[in-house]
1. In the range 280-322, how many residues are among the small types (Gly, Ala, Ser), surrounded by 18 or more Cβ atoms within 10 Å (Cβ to Cβ) and at pLDDT 95 or above?
2. Evaluate the following for TRP442: is it open to solvent by 20 Å² or more (accessible area, probe 1.4 Å), within 22 Å of GLY55 (Cα to Cα) and in contact (Cβ under 8 Å) with a residue 12 or more places away in the chain?
3. Out of GLY55, GLY86, GLY106, report the one residue that is open to solvent by less than 20 Å² (accessible area, probe 1.4 Å), touching an Asp or Glu at 6+ places or on another chain (Cβ under 8 Å) and of a type in the set (Gly, Ala, Ser).
4. Taking the condition out of contact with any helix residue (DSSP H, G or I) (no Cβ under 6 Å at 6 or more places or on another chain) and more than 19 Å from ARG428 (Cβ to Cβ), does LYS482 pass?
5. Any idea which of (1) in contact with a Gly (Cβ under 9 Å, 6 or more places away or on another chain); (2) open to solvent by less than 30 Å² (accessible area, probe 1.4 Å); (3) part of a loop (DSSP other than H, G, I, E, B) is the one ALA408 doesn't satisfy?
6. Within the range 398-425, restricting attention to residues that are free of Cβ contacts under 8 Å to residues at least 12 places away in the same chain and farther than 25 Å from ASP440 by Cβ, which residue is nearest to the chain's Cα centre (by Cα)?
7. With (1) over 23 Å from the mean Cα position of the chain (by Cα); (2) buried (at least 22 other Cβ atoms within 10 Å of the Cβ); (3) among the hydrophobic types (A, V, I, L, M, F, W, C); (4) more than 25 Å from ALA119 (Cβ to Cβ) as the list, and ALA155 as the residue in question, which single condition is left unmet?
Amino acid sequence: MIAATLDNASGDRAAKNAARAFWLLAGLHLVLWTVVPLVVQPAAPLDMVEMRYWGHQWQLGYHKHPPLPGWIAEASAVAAGGHFWGVYLASQLGIVACLWAVWRLGREILPPWLAFLGAFLMETSFWYTIASVEYNNNVAMFPFWALAILFLYRAIENGSLRWWLATGAMIGLAMLCKYTAGLLALTIFVFLVAHPTARHCWRRPGPYLMILVAVLLFAPHVVWAAVHHFPSLSYAASRTHGGPKPWGHLLCPLVFTAEQLLVLIPTAIAIIPLAGFVWRLRKLEPAERFPRSFLLAMILGPFAIQTVLAGVCNVWLLNAYGSQFWMFTGPALLYCLAIRDRGGQSHFRGGDACSCGNPSHAAKIGTVPSERLRAACFTGIRCAVIGCIMLVAGAVHNLVEPYATGVALRIHCPSAELAAHVHDVWNRRYSRPLPVVAGDWWLAANIAFAGPSVPVIYGSSEFNWLDMSPRSSEWTDDAWLKRHGGILVWNLRDCRGDPRGEIRRRFPQAEILEPFSIPWKTGAKIPTLLVGIAVVPPSR
């Protein structure tokens, strides 16, 4: 399919072949990255459980993050009959949306075969393969981030109000996934103010409507956050770790940058057949410079803002904080670099025709000599091989790590067995369905979602704690649990301190039972999951 695409990289036939190749890629990604994790992971990953734990209550915000990922997770699970496979599918549909956005922007500025390879290069990234399996706020933000960039490019190019409105909608939805989407919003604003070609857009209503739509979408959550004293910001501050003084102002951004470069190494390896070992920028005509400026601004702008802030504030950044920056790396490299054949000669020549649909943007990208055809095939093969390695590595890691470390992963949780035991304890005492499961949020959520009915979850702020409160579970409180009754659970091996005294203080009528033990869902010889349990009888 790749060879057919490259052989006919001009005109309508090339575009159709590239489109077929892209949809084959998208379909394979969707199926493999949905099915394989379901096969090798006995239970849902930690963040995926947390997203559904929040979304089950349909709030306008949660104590850690904005609400949209939780809503998507719960809606996907409900659509799948209450099963987590719906969340796995939703996660990969989001990645496919990213692939589509990258491919379509590539088609605006590149010939079809290069646009396809630009999207294919996403398969070489850890963030859009292995990391995408664990649905969380970062993964949920990916499609909205990518689509905002695509729609903004179209809005600037043709000035259509629909693209400005769509851009605003994507920015607003991205902000409802995670506040770091503000980095993209700030980058867009600076670009529209600073770039000469984009600056003229302010003479029309498009940018103002974009801002209005984004604000309207985000405003309900802001009101909720203000009423609840901005818990997400408090949580983020509590998770912040400062670097060593005074060197941390330099070390924090340098370490973060190094970590991002490490993740980009597979992409650099994949593109070697086309770009060579020593990359050279190609000379651009004046009409071609805007796409380069746009791509570099959208990729490097948010990264630069975040890195500078880390240096100024002396704050360590997690590697995952850069996961959304690099989706358009493939098209950017293919557009900006001189594409070389195996003999080392550049094939960008003045006067070549471009089949991208916008000749003014790629006047020098055109015919495909046989040498470059082979180089492009080798790049596609490398993308496929690296993508397969990512798939196998993710599966092997999940299967092997408990044997190597002697510690179970969260995906090895015996959810069904936990739920069966807890519901049996309740059903032996009461004829009504279990109304509340409380305590360690991770255990409580696994029990709730694997049982015959889904009770209200009254969870702790972090796992291994029993600090349940309306701050982390605003939909309920101690009084509600006392009135309706429920089950309290905690991990005896990992819980911070002995919670039994606190349970007796907060719930005097609680019946603390003997702990029960359940093996993890792995063949590795590791200690069983030891669960403390208490029954809170209903008061009515």
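The values are calculated or read from the model by the stated rules, or taken from the named source; none is laboratory data. Just so it is clear, the structure is predicted and the values come from calculations on it, not from any experiment. Every residue, glycine among them, receives a Cβ derived from its backbone with ideal geometry; neighbour counts consider all protein chains shown. Each accessible area value is taken on the protein alone, full model and side chains, heavy atoms only, with ligands, DNA and RNA left out. Shrake-Rupley method; radii C 1.70, N 1.55, O 1.52, S 1.80 Å.
1. 2
2. Spelling it out, it is not the case that TRP442 is open to solvent by 20 Å² or more (accessible area, probe 1.4 Å), within 22 Å of GLY55 (Cα to Cα) and in contact (Cβ under 8 Å) with a residue 12 or more places away in the chain.
3. Residue meeting the stated conditions: GLY55.
4. Judged against the criteria, LYS482 is a match.
5. (1)
6. Among those that are free of Cβ contacts under 8 Å to residues at least 12 places away in the same chain and farther than 25 Å from ASP440 by Cβ, it is VAL400.
7. Exception for ALA155: condition (4).
Quick grid of which residues meet (1) touching a strand residue (DSSP E or B) at 6+ places or on another chain (Cβ under 6 Å); (2) assigned to a helix (DSSP H, G or I):
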residue: ALA438; (1), (2): yes, no
residue: ASN446; (1), (2): no, yes
residue: PHE449; (1), (2): no, yes
residue: GLU462; (1), (2): no, no
residue: LEU466; (1), (2): yes, no
residue: SER469; (1), (2): no, no
residue: LYS482; (1), (2): no, yes
residue: LEU488; (1), (2): yes, no
